[in-house]
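What follows draws every value from the coordinates through simple rules; no lab data is involved. Note that the structure is a prediction, hence the values are computed from the model and not measured. When we count neighbours, we look across all protein chains shown, and the Cβ atoms used for this are built from the backbone with ideal geometry, even at glycine.
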Amino acid sequence: TKKTGEGTGLGLAVVHGIVKSHHGHITVYSEPGEGTTFHIYLPLVEEKADELPIREVFADLTGKGEHILFVDDEAQIRAVVEMIFSTHGYRVTTFTNGMQALEEFQNHPDQFDLVITDMTMPYMTGAELAQKMFGIRPDIPIILCTGQSELINKEKALAMGVCDYLNKPILQHDFLSAARKALEKGASSARLN
């Protein structure tokens, strides 16, 4: 997930920690020029797995030209999200940090139908950005995304008024469903006002 020389994403130490926390074991076999094979062993569990929560399913995840303001400090994430939403009928404007996004939002608050922001970014957190945007336009639907944030949890995020709180990595279907749900919620609250 990272450029050459910057590491390769999920490190072996992290994988080892996850496997050990589940009482598992990892073996490795490696030959120069031949490659490396890892085997991960996890204990058999006799308990039945919990049922997955029932999710609200939207038959049509296609946008109708709605304008999304997307904020994330990682270029790869911005590119993927822009591609996902633009190929599904949305217009997307991306920003690398909350300060840039807030400036654009202050200048053109009615230009955007939905805001999706990462939580942990330089200069301003996603929660701080959301609060400032609500101060400008209280009806704007906002989705907060996070990898691992100790600063805020889902309950706190929803209590402050965001429409949804998504944990990364986010599946394309879940991203599109959350956007559709937030836009419909935003449209219905606008009709009530």
Between Ser21 and Asp174, the FRET efficiency computed from the C-beta separation at R0 = 30 Å comes out, to the nearest 0.05, as 0.75
In whole Hz, the Karplus estimates of ³J(HN,Hα) for the range 164-175 (6.51, -1.76, 1.60; θ = phi - 60°; x where Gly or Pro) are 7, 10, 10, 8, 6, x, 10, 5, 3, 4, 5, 5
So for the range 13-135, averaging the separation of alpha carbon pairs under 8 Å that are six or more residues apart and normalising by length, what relative contact order in percent results? 20 percent
Output ordering of 36-43, 14-21 (per-residue mean of other Cβ within 10 Å, highest first) is 14-21, 36-43
So between Glu74 and Glu128, what do we pick up on full extension, going 0.36 nm a residue minus the alpha carbon distance? 17.6 nm
Roughly speaking, what is the stretch gain from Val28 to Ile84, that is 0.36 nm per residue apart minus the C-alpha to C-alpha distance, in nm to one decimal? 16.5 nm
